[in-house]
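Undergrad: After the structure tokens below, expect a handful of questions from me.
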């Protein structure tokens, strides 16, 4: 697969997993059934009404450095709340190697937010311990997410009242302890807030709502690009940016962030690279007449 060239930077995609997760009715409760008809079969399975997602990492070669944006689920994780990904085992590192990238070659890892499917390959199992997968990398993590998801954050919300809430909090602890804490212990974690420049081309900007510290990565070279993490999960949300995802912690703030970032991308012609689009993975968008956005063209990537 040839990289997508954005100005002076090459962008490549490494797939960890692709397939159905929950139904679209569970994932996107505001979205009417008719809105899904145009995205079958790459983003939605008509027969089961399942949302079809990719778990993928975007690789940037920028200024002589190798930069990873989001690191998927990872292998060997206890994820009891998400059976599909409980003790997942993939050849993700071999797929990196196929692109000529060994773990020691990675210079920067960016986590757009702290959810299990964005931080997993931050670490790997070494005997009974978790250690950073990329020993020479600086890991960039939003400070607000680090504080919010830290197991010692008693102020996150009221104490769990039900078995489901207790299970959710236990899941948060598992993710933090196997994918975030070992990086901090190794001295490779750098948290940021209010914006952060990675290099002359790359900058991190807050885009809260999905999580308190959710962020996007702007690439300012050539026509530009923006790596939007979970700001949008499906092409349907491009046409309907007011539609929430069920996992948005603050749906109203997520709508504000989504409109701001998508609007800027549409005005400038920047390619948007979401974390979970299957199919062609990324697109250039233009404003539509109904307050949403149309896809002007897909990125030249193979369809998943």
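Undergrad: Rounded, prolate or oblate: which fits the stretch 105-224 when a ≥ b ≥ c are the square roots of the eigenvalues of the alpha-carbon gyration tensor, with rounded for a/c under 1.5 and prolate only if a/b beats b/c?
TA: It is oblate, given that a/c is not under 1.5 and a/b is not larger than b/c.
Undergrad: Points 7 angstrom from Cα along the Cβ direction at residue 86 and residue 259: gap in nanometres?
TA: Computed distance between label sites residue 86 and residue 259 equals 4.1 nm.
Undergrad: So the label point goes 7 Å from the Cα of residue 8 along Cα→C-beta, right? Which residues of the stretch 55-81 then have their backbone N under 17 Å from it?
TA: Flagged as within label range: 60-67.
Undergrad: Per residue of the chain, what 222 nm ellipticity follows from adding -39500 (n - 2.57) for every DSSP H run with n ≥ 4, rounded to the nearest 500?
TA: One gets -5500 deg cm²/dmol as the mean residue ellipticity at 222 nm.
Undergrad: Does the stretch 4-298 come out rounded, prolate or oblate, given a ≥ b ≥ c as the square roots of the eigenvalues of its C-alpha gyration tensor, rounded meaning a/c under 1.5 and, failing that, prolate meaning a/b above b/c? Numbers along the way, then the final one.
TA: On the way: a/c = 1.43, a/b = 1.12, b/c = 1.28.
Cα axes put the stretch 4-298 in the rounded bin.
Undergrad: May I ask you to derive the relative contact order of the stretch 254-294, considering only C-alpha pairs under 8 Å and at least 6 residues apart, and to give it as an integer percent? Mind showing how you got there, number by number?
TA: Working: 36 pairs, mean separation 13.4, N = 41.
With pairs under 8 Å counted, the relative contact order is 33 percent.
Undergrad: Counting alpha carbon pairs within less than 8 Å and at least 6 residues apart, what relative contact order, in whole percent, applies to the chain?
TA: This gives 17 percent for the chain.
Undergrad: Decide, for the stretch 1-158, between rounded, prolate and oblate: order the square roots of the alpha carbon gyration tensor eigenvalues as a ≥ b ≥ c, take rounded if a/c falls under 1.5, and otherwise choose prolate if a/b is larger than b/c, else oblate.
TA: oblate
Undergrad: Taking the Cβ of each residue in 27, 1 as the centre, tally the other Cβ atoms inside 10 Å and list the residues starting with the fewest.
TA: Numbers: 27 19, 1 11.
Ranking 27, 1 by Cβ neighbours within 10 Å, fewest first, gives 1, 27.
Undergrad: Could you check the simple spin-label distance between residue 1 and residue 223, using points 7 Å along Cα→Cβ, in nm with one decimal?
TA: Distance between label points: 1.9 nm.
Undergrad: Taking R0 as 22 Å, what FRET efficiency do you get between residue 177 and residue 65 from their Cβ-Cβ distance, rounded to the nearest 0.05?
TA: With R0 = 22 Å, the Cβ-Cβ based efficiency is 0.15.
Undergrad: Run the quick spin-label model on residue 186 and residue 249: label points 7 Å from Cα toward the beta carbon, then report their separation in nm to one decimal.
TA: For residue 186 paired with residue 249, the spin-label model returns 2.5 nm.
Undergrad: While we're here: For residue 193, project a label point 7 Å along Cα to C-beta. Then give me every residue of the stretch 139-154 with its amide nitrogen under 18 Å of that point.
TA: Output list for this probe position: 140-154.
Undergrad: Shifting gears a bit: Full extension from residue 38 to residue 93: what is 0.36 nm times the residue separation minus their Cα-Cα distance, to one decimal in nm?
TA: Extending this stretch completely gives an extra 16.4 nm.
Undergrad: At R0 = 35 Å, how high is the FRET efficiency between residue 102 and residue 164 if r is their beta carbon distance? Nearest 0.05 is fine.
TA: Computed FRET efficiency for residue 102 and residue 164 comes out at 0.25.
Since every read-out is calculated from the coordinates, none of them should be taken as a lab result. Note that the structure is predicted; figures quoted are calculated from it, not measured. A quick note on method: Cβ atoms are made from the backbone with ideal geometry, for glycine too, and the neighbour counts reach across all protein chains shown.
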